[in-house]
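Quick notes on the structure that follows.
The values are calculated or read from the model by the stated rules, or taken from the named source; none is laboratory data. Model, not experiment: these values are computed from the prediction. Every residue, glycine as well, gets a Cβ built from its backbone with ideal geometry; the counts of neighbours run over all protein chains shown. Surface areas here come from the heavy atoms of the whole protein model, side chains and all, with no ligands, DNA or RNA. Shrake-Rupley method; radii C 1.70, N 1.55, O 1.52, S 1.80 Å.
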Amino acid sequence: NQVERIPNSLCSGMNLLMQITIPQSVKEIGDNAFRGCVSLTEIIIPNGVESLGHNAFYECRNLSQVVFNEGLQYISNSVFQNCSSLTNVVLPTTLETLGSSAFEGCSNLTTVQLPASMSSIGNNAFIGLKNLLSVTCVGDKKEITELGTIGAGAFYDCYGLQELQIPEGIRAIEDGAN
């Protein structure tokens, strides 16, 4: 039997955990799975992973690199919140939904690359990132099957933002998104 799901809170609060190898068979990483693993510096999300649960990497303060592979479709709320060592994020072209507060508190984040076909950016997804300079879109524009939105406060208080490209799948921008 192969592991298909990392359970909720599996390694939550393991302060000394420095490295994680996620098997290729995993399709889902559960809520709070690696929350507060402050010694973790890098994570590779394998091709098979389709979704990241709420707070999966919340407050992994030394996490400086996340490698996203194709296949990931859904990033839940607050997944990377307060991961203050992240500086650059390149999301896979398969990503459809970015949850609320997904990168809130990532104070050193300067660049984000979104898929052009993305259909939803949650409330407060990048709120308060004063060092964020650039949000760009890449990849093929596939057929959009539902109307997408940029949630309220998604880029609020990102005063350093110099470039913002809106993904093709977005059809509505809620009040206060800036």
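A single entry from Glu4, Glu50, Glu59 fulfils the requirement of being in contact with a Ser or Thr (Cβ under 8 Å, 6 or more places away or on another chain), of a type in the set (D, E, K, R) and open to solvent by 60 Å² or more (accessible area, probe 1.4 Å): Glu4. Screening Val90 with (1) at pLDDT 95 or above; (2) surrounded by fewer than 18 Cβ atoms within 10 Å (Cβ to Cβ); (3) more than 11 Å from the chain's Cα centre (by Cα) gives one miss only, at (3). Criterion first (over 12 Å from the mean Cα position of the chain (by Cα), assigned to a loop (DSSP other than H, G, I, E, B) and either in contact (Cβ under 8 Å) with a residue 40 or more places away in the chain or closer than 21 Å to Arg5 by Cβ (or both)) does Ser85 satisfy it? In short, yes. Please state which one of Arg61, Arg5 is of a type in the set (Lys, Arg), modelled with pLDDT of 95 or more and farther than 24 Å from Asn131 by Cα. Of Arg61, Arg5, the one residue that is of a type in the set (Lys, Arg), modelled with pLDDT of 95 or more and farther than 24 Å from Asn131 by Cα is Arg5.
Quick grid of which residues meet (1) assigned to a loop (DSSP other than H, G, I, E, B); (2) within 25 Å of Glu59 (Cβ to Cβ); (3) open to solvent by less than 10 Å² (accessible area, probe 1.4 Å); (4) at pLDDT 90 or above:
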{"residue": "Ser100", "(1), (2), (3), (4)": "yes, yes, no, yes"}
{"residue": "Glu104", "(1), (2), (3), (4)": "yes, yes, no, yes"}
{"residue": "Leu114", "(1), (2), (3), (4)": "no, yes, yes, yes"}
{"residue": "Asn123", "(1), (2), (3), (4)": "yes, yes, no, yes"}
{"residue": "Phe126", "(1), (2), (3), (4)": "yes, yes, yes, yes"}
{"residue": "Leu129", "(1), (2), (3), (4)": "yes, yes, yes, yes"}
{"residue": "Leu132", "(1), (2), (3), (4)": "yes, yes, yes, yes"}
